[in-house]
């Protein structure tokens, strides 16, 4: 069958390559990665009788994305059937959503918002996970576990914009972070800068085919589209790097654009040491199995309006009796008592708070109210800078690229985030204010408006 199809030079080798099980295809906005993937799948299914599963996080988003892209590709090939009786053309069925090929190949569509339908798939040998960064890691592993095809090679294609480095995609395919005892170990799986340079490579360690693209690789876009992307550099530098150059960053509205990591540890320590004790604060968010104990120490430069995060203890799967006796936790305890500053804790755990009091900790529960998370987030955003010690690895991971969650209309939800940031669980202002009032220091709180504690 002679097929006339326009293929970008940048994607030609990727489209024709089927030698690997996993393909990670990342790129900036408008780079053509989804278009090329649709071409890749259609051409393969025309050659071989296969079933392809297309997955997105929410099923309702598929029709206006993958389904329409595939339909346009087939139409451009002049293979789109307008009548079910046309046996030599490709049929697009809206309900149930499906694409049927003349040789018996099929493309089926599922959303991870209904995992029961994933369980019913049979005969799939190709999976396309569009916007895979929107999936969670559990969904990814479930898909891999469900797809079985003993008579054919399996292929998993993952496409997405390179979002924040806290996303599971980055952790799985680029730099994996492991916690062993008291140490945090980072393992480089694939150097992202190498990928940006080479554009296409196969990693010998994991056997994954990596592909990177930018809007410059799509010859079918008008210059006006590129010009609009260029405007982002004056609005959001991190998003600009994602959208324009396809580099990892924060894909969305950053919660803390004022967050930075100190580059000189000696100078940072000296600044923290000079800040008066009354401007030091401690927060404790409890966790165990899936969440984490996050014990954070911070202080405020009331003149320059800068928040400094200088210490963290971040662990899970550890009981209170063992956690409380750790040397680093004991140091926070001693510092809190010496400065006469309570550790503000998660109010949802009164039993845990009682335990720490019995162990001699100076702890106070926070007070929550409707809208407290939003109000405390706003207060944090008022700082000119938030400077974090390079030692606080987990705080950096959670906050550097933290973005707001989005609703179904792609609008930010200002009291929800893309991850559960344990180091960013804020105490209510009232919870701390009560203590300040009791100690005769309420005027300081009113003046600064700078309380940041890490309890819910």
- How many residues are closer than 20 Å to residue 11 by Cα and outside any helix (DSSP H, G or I) when one looks only at region 215-237? 5
- Item | Scope region 5-39; condition in contact with a helix residue (DSSP H, G or I) (Cβ under 8 Å, 6 or more places away or on another chain) and part of a strand (DSSP E or B); matching residues | 23, 24, 25, 26, 27
- Among (1) closer than 23 Å to residue 25 by Cα; (2) exposed (fewer than 13 other Cβ atoms within 10 Å of the Cβ) - the single one residue 231 does not satisfy: (1)
- Message: Exactly one of these conditions fails for residue 159: (1) crowded, with 21+ Cβ neighbours inside 10 Å; (2) in contact with a helix residue (DSSP H, G or I) (Cβ under 6 Å, 6 or more places away or on another chain); (3) farther than 14 Å from residue 22 by Cα. Give me its number.
- Response: (3)
- Message: Of everything in region 72-95, what is free of Cβ contacts under 8 Å to residues at least 24 places away in the same chain, in contact with a strand residue (DSSP E or B) (Cβ under 8 Å, 6 or more places away or on another chain) and either more than 17 Å from residue 45 (Cα to Cα) or part of a helix (DSSP H, G or I) (or both)? Give them in sequence order.
- Response: 84
- Message: So for region 104-116 (the condition being more than 11 Å from residue 53 (Cα to Cα), assigned to a helix (DSSP H, G or I) and touching a residue at least 12 places away in the same chain (Cβ under 8 Å)), does at least one residue qualify?
- Response: yes
- Task: Kindly indicate the residue of region 302-333 that is closer than 18 Å to residue 275 by Cβ and surrounded by fewer than 21 Cβ atoms within 10 Å (Cβ to Cβ) and also nearest to the chain's Cα centre (by Cα) among those meeting that condition.
- Result: 311
- Query: Consider residue 243 against the criteria (1) surrounded by 15 or more Cβ atoms within 10 Å (Cβ to Cβ); (2) under 20 Å from the mean Cα position of the chain (by Cα); (3) assigned to a strand (DSSP E or B): it satisfies all of them except one. Which criterion is unmet?
  - Reply: (3)
- Checked 259, 286, 282, 292 against criteria (in contact (Cβ under 8 Å) with a residue 60 or more places away in the chain, farther than 21 Å from residue 36 by Cα, surrounded by 14 or more Cβ atoms within 10 Å (Cβ to Cβ) and more than 25 Å from the chain's Cα centre (by Cα)); the one match is 282
- Query: Taking region 399-421, which residues are modelled with pLDDT under 75, farther than 25 Å from residue 308 by Cα and in contact with a strand residue (DSSP E or B) (Cβ under 7 Å, 6 or more places away or on another chain)?
  - Reply: 412
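The values are calculated or read from the model by the stated rules, or taken from the named source; none is laboratory data. What you see is a predicted model, and the numbers here were worked out from it, not measured in a lab. Heads up, the Cβs are rebuilt from the backbone with ideal geometry, glycines too, and the neighbour counts pull from every protein chain shown.
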